[in-house]
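The values are calculated or read from the model by the stated rules, or taken from the named source; none is laboratory data. Computed from a predicted model, the values in this text were never measured in an experiment. Every residue, glycine among them, receives a Cβ derived from its backbone with ideal geometry; neighbour counts consider all protein chains shown.
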Amino acid sequence: MRDAPNTWNLLRLLALMLTLLAAGLAPSAAAERTIYLTFDDGPLPGTANVLDVLESEDVPATMFLVGLHVEAGAERRALLKRAKSMPLVTVGNHSYSHARNRYKDYYSDTEAVVADMQRANGVLGLTPWVNARMPGRDVFRLRKTFKEDISVNAAQYEREAVDFDFVSASGFLLYGWDFEWVHKDSGEPVQSVERLVSEIDHLFRFNRFTRRGKMILLMHDQMFQDRFDGKANLTALIRALKSSGYAFGDIRTYEQ
Ligand SMILES: [Zn+2]
C-alpha cells in the first residue's frame, strides 16, 4: 500500500516532465500565437531604447533600417553596428531614401527602386537574401507568401507590383505587416499599451493574418524616444504579451 502513492507521484512527475519537454521542443505549440516585432525607419532617436529593451527582455525582433538615416552621423552608425551584433536582432533593409516619403513618384521607376534598395544594402552591409520592407507599402514577396498592398487603389498596386517583383528577384525577401502600433506625426504612440494588447488579443481570436497564428507587428523607432516613455512602454508591451502566453518569432523562420 505504501508503494502505490509513490508510484503515482512518480508517474505524475514523469508526465509533467514530458509536458514541459514537449512545450520546449515543439515549435508548433508556440507557433499557434506568435508575434513578430518589427521596428521601421531607424536608426533614429528612439532606436537605442528599442535595442536596450530587446536586450533586457531577450526577445527576437527585426529592425528595418534606412540607409540615409545610418549616414546621418557616427552615433547612427554605432546603432547599426550594435543592432548587427545582437544575435536575436535581424537587421533588415528599408531602402536607402525611404522614397523621401513620396511613394507614388518613387514607385513609378522600377530601376530606380531596385537601385535604391541595393544602395541601402551597401550602407547596411547586407548581402542576398536580404530581409526587407518597402517604404510605405505593406507588400509580401516571400517564397511561400505573396501579397499586394490593398490600401492603394487597384490600378496603382498593379503598376507597383512590377517594382516589387523586380526588387524581389534582385535578392530581397519582402515583408509587410499584419497590425500596427500607430503613432502621431510627432512620433507619440496612439494606443496605450493596455489598449494595444487588447487589440492584439482580439485579432488573434479571428486569426486572419498573412500566415495563420503569426502576427507581424509594425512599430516605428521614433515612438520609443524618452519623451514618450519609450523604454517603459516597450518593456510593458513585451511583458504583457509574454504573460498572455504569446511567443516571439524570429523573422528568419517566419515561413517555417
Ligand atoms: Zn518606413
Expected output for the stretch 161-177 (first residue outside the structural domain of residue 218 (by TED's automatic domain parsing), partner surrounded by 16 or more Cβ atoms within 10 Å (Cβ to Cβ) and among the small types (Gly, Ala, Ser), Cβ below 8 Å, 6+ apart or cross-chain) is none
Right, residue 208: out of contact with any helix residue (DSSP H, G or I) (no Cβ under 9 Å at 6 or more places or on another chain), modelled with pLDDT under 95 and over 28 Å from residue 105 (Cα atoms) or not?
yes
Output for the stretch 32-85, where each listed residue is within 22 Å of residue 115 (Cβ to Cβ) and in contact with a Gly (Cβ under 6 Å, 6 or more places away or on another chain)
64, 65
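Among the candidates 158, 180, which residue alone is at pLDDT below 95 and more than 19 Å from residue 51 (Cβ to Cβ)? Talk me through it step by step, then tell me what you get.
On the way: 180 fails: at pLDDT below 95.
Within the list 158, 180, the selection yields 158.
For (1) among the hydrophobic types (A, V, I, L, M, F, W, C); (2) not in a helix (DSSP H, G or I); (3) not assigned by TED's automatic domain parsing to the domain that holds residue 131, each residue gets a yes or a no:
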site: 194; (1), (2), (3): no, no, no
site: 208; (1), (2), (3): no, yes, no
site: 215; (1), (2), (3): yes, yes, no
site: 222; (1), (2), (3): no, no, no
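Restrict the check to the stretch 87-104 and report whether at least one residue is away from the ligand (no atom under 14 Å from the Cβ), of a type in the set (D, E, K, R) and either free of Cβ contacts under 8 Å to residues at least 60 places away in the same chain or touching a strand residue (DSSP E or B) at 6+ places or on another chain (Cβ under 6 Å) (or both). Walk me through it before giving the result.
So in the stretch 87-104, the residues away from the ligand (no atom under 14 Å from the Cβ) come out as 87-91, 104.
From the residues that got through so far, the ones that are of a type in the set (D, E, K, R) too are 104.
Remaining after also requiring either free of Cβ contacts under 8 Å to residues at least 60 places away in the same chain or touching a strand residue (DSSP E or B) at 6+ places or on another chain (Cβ under 6 Å) (or both): 104.
There is at least one residue in the stretch 87-104 that is away from the ligand (no atom under 14 Å from the Cβ), of a type in the set (D, E, K, R) and either free of Cβ contacts under 8 Å to residues at least 60 places away in the same chain or touching a strand residue (DSSP E or B) at 6+ places or on another chain (Cβ under 6 Å) (or both).
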From the list 5, 43, exactly one residue is buried (at least 22 other Cβ atoms within 10 Å of the Cβ) and either at pLDDT below 95 or part of a loop (DSSP other than H, G, I, E, B) (or both). Which is it?
43
From the option list 198, 186, 151, single residue qualifying as modelled with pLDDT under 95 and either surrounded by fewer than 18 Cβ atoms within 10 Å (Cβ to Cβ) or not in a helix (DSSP H, G or I) (or both) is 151
Being of a type in the set (D, E, K, R), without any contact (Cβ under 8 Å) to a residue 60 or more places away in the chain and surrounded by fewer than 16 Cβ atoms within 10 Å (Cβ to Cβ) is the filter here, so list the residues in the stretch 105-148 that pass it.
105, 109, 111
Within the set of pairs 6+ apart or on separate chains, which have a first residue in the stretch 31-42 that is within 15 Å of the ligand (Cβ to nearest atom), a second that is assigned to a loop (DSSP other than H, G, I, E, B), and C-beta atoms under 6 Å apart?
40/94; 41/66
Flag if residue 54 is part of a helix (DSSP H, G or I), within 16 Å of the ligand (Cβ to nearest atom) and either aliphatic (A, V, I, L, M) or farther than 17 Å from residue 134 by Cα (or both):
no
